[in-house]
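Worksheet: one structure, shown below.
The values are calculated or read from the model by the stated rules, or taken from the named source; none is laboratory data. Note that the structure is predicted; figures quoted are calculated from it, not measured. So basically every Cβ, Gly included, is an ideal-geometry build from the backbone, and we count neighbours across all protein chains shown. Areas reflect the complete protein model, heavy atoms only, side chains present, ligands, DNA and RNA absent. Shrake-Rupley method; radii C 1.70, N 1.55, O 1.52, S 1.80 Å.
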Amino acid sequence: MPRHSETRNMPYTPQQMFDLVADVKRYQEFLPWVAATRIRSDSETQMVADLVVGFRSLKETFTSQVNKRRPDNITIDYIEGPLKHLHNSWKFKSDGQGGTEVDFCVDFAFRSRLFETLAGQMFDRALRKMIGAFEARAQELYGSTGINSSSAHSAA
């Protein structure tokens, strides 16, 4: 069962980071292995979304509930799909200098032994690639410093 936690300092506001992570409908534009997204329902505090994820010829759809507490945190809990369980959390805390301390945690397990084996072999590399994709997306949306830039939420 892969599990990972880490903290990163980002030169963007908590609101900007919140908006980036909460923009699930755009994940297919920048996250590796996300082939498609479908938002089943969305409100200010909760979303239910389907993600089609794949690696090579293997593709699976899973559904998650996204709980949003603007601008402090986002938690994602698994509803249905190929996993035994999934819990993912993002916490956004101002660093007092215009940036954000981002705490990220993911814990999941696949039902399929094949996927579990593949995930175990590639987990660290895949996680670094995914976190790098979020960082690159933030830089693309907000610039290299992020301070005094508008948020994706207000630009939408």
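Which members of the stretch 22-58 meet the condition of being hydroxyl-bearing (Ser, Thr, Tyr), assigned to a loop (DSSP other than H, G, I, E, B) and without any contact (Cβ under 8 Å) to a residue 12 or more places away in the chain? Explain how you work it out, then say what you get.
Of all residues in the stretch 22-58, those hydroxyl-bearing (Ser, Thr, Tyr) come to 27, 37, 41, 43, 45, 57.
Right, trim to assigned to a loop (DSSP other than H, G, I, E, B) and you get 43, 45, 57.
43, 57, listed by residue number.
Evaluate the following for residue 69: is it over 24 Å from residue 17 (Cα atoms) and either open to solvent by 60 Å² or more (accessible area, probe 1.4 Å) or among the acidic types (Asp, Glu) (or both)?
Values: over 24 Å from residue 17 (Cα atoms): no; either open to solvent by 60 Å² or more (accessible area, probe 1.4 Å) or among the acidic types (Asp, Glu) (or both): yes.
Spelling it out, it is not the case that residue 69 is over 24 Å from residue 17 (Cα atoms) and either open to solvent by 60 Å² or more (accessible area, probe 1.4 Å) or among the acidic types (Asp, Glu) (or both).
Considering only the stretch 62-73, I want to know if a residue exists there that is at pLDDT below 95 and more than 23 Å from residue 145 (Cβ to Cβ). Full working, then the answer.
First, the residues of the stretch 62-73 that are at pLDDT below 95: 62.
Okay, now just the ones that are also more than 23 Å from residue 145 (Cβ to Cβ), so 62.
Looking for residues that are at pLDDT below 95 and more than 23 Å from residue 145 (Cβ to Cβ), one finds at least one in the stretch 62-73, hence yes.
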